[in-house]
Amino acid sequence: MINSDDLFKKIKTDQITFEELDAADELASFRSQFVIEDPDLIYLDGNSLGRLPEKTKELAQEIVSEQWGSRLIRSWNERWLEDTVRIGDKVGVVVGAKPGEVVLADSTTVCLFKAAVSALLSKPTRSVILTDDQNFPSDIQALKAAASTVSRDHKVVVIESNGLEAPVEALLGAIDETVALVSLSQVSYRSGCCWDLSTITQKAHQVGAKVLWDLSHSVGVVPIDLRKDEIDLAIGCTYKYLNGGPGAPAFIYISENCHDLINPIAGWYGSRDPFGFDPDSQPQNDNRRFLTGTPPLVSTLLIEPGVDLVIEAGVNNIRSKSVALSERFLFKAEKELLPLGFSVASPVEHKKRGSHLSFSHDSAMAIGQALINEQATIPDVRPPDLVRFGFAPLYTTFGEIEESIDRVKEVISGGGISRWKDAMPVVP
Ligand SMILES: Cc1ncc(COP(=O)(O)O)c(C=O)c1O
């Protein structure tokens, strides 16, 4: 068992081999539930786009041929309306929500915008949204759009970090009675630093502000209990550690204490009687009021197998393995990559991280491209200088951790940087 104390103590030593770690991995069998066509390909980008679950492949065929092809529009009444609610509830299980509290809708950015505007409108005498510079740029753009939608006086204040750790003290110090909303990514897409939901939420509530958490990089890999931590609003991607598929719809959570919040983009799917075709139809009296138009049905249905795998494995077990994988990677990287011009760009304490590690290097882009194109290893790069390695415990192995470091060394010693120094892929 990876999380036994004895074993864990050895992870950052040479007293244990990757074979022993893989043999002790209780989640190892989950790997076979994903499509892995090339066993030599090391995929360390599940924090961007999760792998394809085998079941999703079969389900896609069934949805397209049967549910759409044969049953046509009858599927809405026969199953689709209920399916979307059921799958939202399953995501709710992963984040500690009650049935009905999580709905699947739109992209993450659109969900964030809706949630932010609704929170701002509920605090008409306050004009500040607080966030930090480790937040996802699209989130900050959407927060700014939300602020300017509500009034010319609203503004987004971005707290500076040291680029590595969550700026906890600075953020806590900035939460005062002018703040309407605190909105942060629980795990930063850059450094992987992880906020403590409860500390920030409590302080925000003390001054009467609301919180809106982006759980994109934590859902399915970091234990989350939205109800226990009294979170007001949360949104997140389903295509990273939930393995929902490219462009799969996001989720939005609205707590019971926010029952008065209004969806600023009203539409028929959020109304009480969508098929009454009444322009005066009132919003749903549950969280479905945050829906707008027809959900992207095929993508929504395809989320389910990935979420089922997370529920079956258990987020606490996934977290234990995530910590073990990243600690092992860090142990090897500190010894073998730092002398090659890399420096650690993530918190070194595992309690302060999500499930990826970032390293800065002057030739980050060239290294990323050489790894992908010459070494069958897929990390990603966040400009200007970060190479990110993501660990998805349902399919990443300890063997891959060891091998990926060797492949990075091979890129550097084999001249990969000069061969790829001019590469500028659109998606880095
Ligand atoms: C933390 C975070 N928030 C938001 C987004 C944007 O998601 P979407 O493109 O679904 O709006 C991403 C995308 O990777 C992300 O990592």
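The values are calculated or read from the model by the stated rules, or taken from the named source; none is laboratory data. Source: prediction; values computed, not measured. Here the Cβ is made from the backbone with ideal geometry for all residues, glycine too, and neighbour counts use every protein chain on show. Accessible surface areas use protein heavy atoms only, side chains included; no ligands, DNA or RNA. Shrake-Rupley method; radii C 1.70, N 1.55, O 1.52, S 1.80 Å.
First compute the accessible area of the chain with a 1.4 Å probe, then give the percent of it belonging to carbon and sulfur atoms.
The C+S portion of the solvent-accessible surface of the chain is 53 percent.
How large is the dipole of the chain about the Cα centre if only Lys and Arg carry +1 and Asp and Glu carry -1, each at its Cβ, rounded to the nearest 20 debye?
Taking the Cα centre of the chain as origin, the dipole is about 820 debye.
Largest first and in whole Å, give the semi-axes of the stretch 108-235's equivalent ellipsoid, each being the square root of 5 times a Cα gyration tensor eigenvalue.
20, 15, 15
For the stretch 57-310, would you read off the P(r) tail past 24 Å as a percentage of all alpha carbon pairs?
Everything past 24 Å amounts to 46 percent.
I need the peptides 166-175, 380-389, 417-426 ranked by packing, meaning the mean over residues of other C-beta atoms within 10 angstrom, with the highest value on top.
380-389, 166-175, 417-426
Would you be so kind as to identify which of PRO295, LEU330, LEU309 lies farthest towards the positive end of the dipole of the stretch 289-343, taking Lys and Arg as +1 and Asp and Glu as -1 on Cβ and the Cα centre as origin?
Farthest along the dipole direction, towards plus: LEU330.
What net charge do the residues around GLU78 carry, taking every other residue with its C-beta under 13 Å from that of GLU78, with Lys and Arg at +1 and Asp and Glu at -1?
Computed value for this residue: 0.
Around PHE136, what is the net charge, scoring Lys/Arg as +1 and Asp/Glu as -1 over all other residues with Cβ under 15 Å from its Cβ?
0
What three numbers, in Å, describe the spread of the alpha carbons of the stretch 292-362 along their principal axes, ordered from the longest?
That works out to 52, 29, 18 Å along the principal axes.
Would you mind working out the magnitude of the charge dipole of the stretch 57-310 relative to its Cα centre, with +1 at each Lys and Arg C-beta and -1 at each Asp and Glu C-beta, to the nearest 20 Debye?
The calculation lands at about 340 debye.
If you take every DSSP beta bridge whose two residues both sit in the stretch 57-310, what share of them, in percent to the nearest 5, is antiparallel?
35
Which of PHE136, VAL64, PRO167 sits closest to the plus end of the dipole of the stretch 57-310, meaning its Cα is farthest towards the positive end, when Lys and Arg get +1 and Asp and Glu get -1 on the C-beta?
VAL64
Given a 1.4 Å probe, how much area per residue of the stretch 57-310 is accessible, in Å²?
41
Can you give the angle from 0 to 90° between the axis of helix 304-313 and the longest principal axis of the chain, with both taken from C-alpha atoms, to the nearest 10?
Computed tilt is about 60 degrees.
What residues qualify as long-range amide H neighbours of ILE378, i.e. H under 5 Å apart, gap of 5 or more or another chain, H built at 1.01 Å from N?
Placed amide hydrogens put ILE42, TYR43, LEU44 under 5 Å from ILE378.
Helix 315-336 versus the longest principal axis of the chain: what is the Cα-based angle in degrees, 0 to 90, to the nearest 10?
40
Sort the following peptides by mean Cβ neighbour count (other Cβ atoms within 10 Å, averaged over residues), highest first: 60-70, 223-233.
Those peptides, ordered most packed to least, come out 223-233, 60-70.
Provide the per-residue ³J(HN,Hα) series for the stretch 49-58, in order, calculated from phi with Karplus coefficients 6.51, -1.76, 1.60 and θ = phi - 60°, each as a whole number of Hz, with x at glycine and proline positions.
Each residue's phi maps through the Karplus curve to give 9, x, 5, 8, x, 3, 5, 5, 4, 5 Hz.
Would you mind checking which residues have amide H under 5 Å from VAL102's amide H? H placed 1.01 Å from N; only 5 or more apart, or other chain.
none
Would you work out the charge dipole size for the stretch 21-115 about its Cα centre, treating the Cβ of every Lys and Arg as +1 and the Cβ of every Asp and Glu as -1, and quote it to the nearest 20 debye?
Dipole of the stretch 21-115, to the nearest 20 debye: 540 debye.
According to the square roots a ≥ b ≥ c of the eigenvalues of the Cα gyration tensor, what is the shape class of the stretch 342-420, taking rounded for a/c under 1.5, prolate for a/b larger than b/c otherwise, and oblate for the remainder?
Verdict is oblate for the stretch 342-420.
Work out the charge dipole of the chain with +1 on the Cβ of Lys and Arg and -1 on the Cβ of Asp and Glu about the Cα centre, then indicate which of PRO223, THR397, GLN202 is farthest towards its positive end.
Looking along the dipole axis, the top candidate is GLN202.
How big, in percent, is the set of alpha carbon pairs in the chain lying more than 37 Å apart?
In whole percent, the share of Cα-Cα pairs in the chain beyond 37 Å is 26.
Would you pull out the residues with amide H under 5 Å of GLN284's amide H, same chain only if 5 or more places away, H placed 1.01 Å from N?
Result for GLN284 returns SER271, ARG272, ARG289.
What is the sum of charges, Lys and Arg at +1 and Asp and Glu at -1, for the other residues whose Cβ falls under 13 Å from the Cβ of LYS332?
-3
When ranked by the protection proxy of mean other Cβ atoms within 10 Å per residue, highest first, what sequence do the peptides 10-16, 34-40, 352-358 form?
352-358, 10-16, 34-40
Quick one: work out the % antiparallel among DSSP beta bridges in the chain, nearest 5.
The answer is about 55 percent antiparallel.
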